[in-house]
Amino acid sequence: MTFTPPPSAGPWVCAVVVTYFPDAGFAARLERIAAQVSRVIVVDNGTMGETLGHLDRALEAARGVAVIRNPQNLGVAAALNQGIRRALGDDSCCAWIATFDQDSIPAPDMVEKMLAAWKAHPDPDRLMVAGPRTAFVASTPQPEPADPPPWREVTHVITSGSLISSRAFDRAGYFNEGLFIDYVDIEYCLRLRTLGYQVIEVQTTQILHHMGHLEEQSLLGRRVHPTHHSPLRRYYQFRNALLLDRQYRQSQSYWCRRNRIILMKILILILLYERHRWQSLIQILKGIGHGLAGRSGRDGEGRYAPDPLRAS
């Protein structure tokens, strides 16, 4: 039986938004998300102190938003899985899950445009994830093509703004919680592609995304973008990159080769521009060690389980 998407968001799309110490602007961003879907579930990863007021005010302003409050940071993957299970368990009519970070700003018609691309896709049963074009805060906007194709096939899309078929969680399982943060979205897309499904980027809409504390620099006449992520994030980036490289070296070799180049570029930018370069290097070495040893979890306390059936 062919699955036919609805013409608009209607009662079909549930947004899952993960928060962790959101800022005062979160209320406006949540309102923009809520206007595009029928339901919103916010999963908070242990927000405390003054920032808790930002979260509470946002939830009060956006009426009807459900919330799951975790007493501590369980990681992005676990929080997404909590929200998705709630969405699929509470509403059997939910055909799509839209996932968001707390600091991204979707175009006003982003969900509608992605659903339209899905409906026009020649093989909607094979399509599992769609994402918008991504623009980054503090980066020079890229010129838009005059007549872009409605979509293009990609190896992965970022978590924020992803539109995921509810069928994906039956076919491939949930997000891999062993990764904790970083590469969670990439692993899920690679897993689906390995199973024969498709991931696309919708060219007719975009999301504005924060990437660390990104700044724009010039290196040998080219624009480069050091992100100034915390040293701890470098641990997860390099550890999880190695875990995925081992897992997908055969089935997704193109992504693995390309990602090794990206890691080298990140390392160069850290050495040239970033303030906490030595602390970052220490964490990178720790991450490489844990990645080679197959360790995962928040602090590398567990063994990495690549089996999708064990990833939830």
Legend entry - Odd one out for Tyr304 among (1) in contact (Cβ under 8 Å) with a residue 40 or more places away in the chain; (2) farther than 22 Å from Arg191 by Cβ: (2)
Inset, instruction - Sort through Gln247, Gln252 and tell me the only one that's surrounded by 14 or more Cβ atoms within 10 Å (Cβ to Cβ) and touching an Asp or Glu at 6+ places or on another chain (Cβ under 8 Å). - result: Gln247
Legend entry - Selection count, segment 47-94, where residues are under 21 Å from the mean Cα position of the chain (by Cα) and surrounded by fewer than 15 Cβ atoms within 10 Å (Cβ to Cβ): 2
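Rundown of residues vs (1) crowded, with 18+ Cβ neighbours inside 10 Å; (2) part of a strand (DSSP E or B); (3) without any contact (Cβ under 8 Å) to a residue 40 or more places away in the chain, yes/no style:
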position: His156; (1), (2), (3): yes, no, no
position: Leu163; (1), (2), (3): yes, yes, no
position: Tyr174; (1), (2), (3): yes, no, no
position: Asp182; (1), (2), (3): yes, no, no
position: Arg193; (1), (2), (3): yes, no, no
position: Gly196; (1), (2), (3): no, no, no
position: Val202; (1), (2), (3): yes, yes, no
position: Gln206; (1), (2), (3): yes, yes, no
position: Gly212; (1), (2), (3): no, no, yes
Legend entry - Qualifying residues in segment 31-46 (those that are touching a strand residue (DSSP E or B) at 6+ places or on another chain (Cβ under 7 Å) and farther than 20 Å from Ile158 by Cα) - the one surrounded by the most Cβ atoms within 10 Å (Cβ to Cβ): Arg39
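Within segment 28-122, considering only strands (runs of 3 or more DSSP E) that don't extend past its boundaries, which have at least 3 residues that are free of Cβ contacts under 8 Å to residues at least 40 places away in the same chain? I'd like the intermediate steps shown before the answer.
On the way: elements: 39-45, 66-70, 96-100.
In segment 28-122, the matching strands (runs of 3 or more DSSP E) lie at 39-45, 66-70.
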Inset, instruction - Report yes if some residue within segment 276-299 is in a strand (DSSP E or B) and either outside the structural domain of Val154 (by TED's automatic domain parsing) or over 21 Å from Val157 (Cβ atoms) (or both); otherwise report no. - result: yes
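To keep it simple, each residue is scored yes or no on (1) more than 19 Å from the chain's Cα centre (by Cα); (2) farther than 21 Å from Leu80 by Cα; (3) of a type outside the set (Val, Ile, Thr).
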site	(1), (2), (3)
Asp147	yes, yes, yes
Val157	no, no, no
Ala168	no, no, yes
Asp185	no, no, yes
Tyr188	no, no, yes
Gly196	yes, yes, yes
Gln203	no, yes, yes
His213	no, yes, yes
Gly221	yes, yes, yes
Legend entry - Test: Arg167 is in contact (Cβ under 8 Å) with a residue 40 or more places away in the chain and farther than 29 Å from Ser218 by Cα: yes
Inset, instruction - Just give me the residues in segment 254-275 being part of a helix (DSSP H, G or I) and of a type in the set (Asp, Glu), in sequence order. - result: none
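Just for segment 284-312: of the residues that are modelled with pLDDT of 90 or more and of a type in the set (Asp, Glu), which one is nearest to the chain's Cα centre (by Cα)? Before you say what the answer is, go through the steps one by one.
Taking segment 284-312 and keeping what is modelled with pLDDT of 90 or more, we get 284-305.
Of the ones still in play, those that are also of a type in the set (Asp, Glu) are 299, 301.
Numbers: Asp299: 21, Glu301: 23 Å.
Only one residue tops the list, namely Asp299.
The values are calculated or read from the model by the stated rules, or taken from the named source; none is laboratory data. Owing to the predicted nature of the structure, the values given are computational and were not obtained by experimental measurement. Note: ideal-geometry Cβ built from the backbone for every residue, glycine included; neighbour counts use all protein chains shown.
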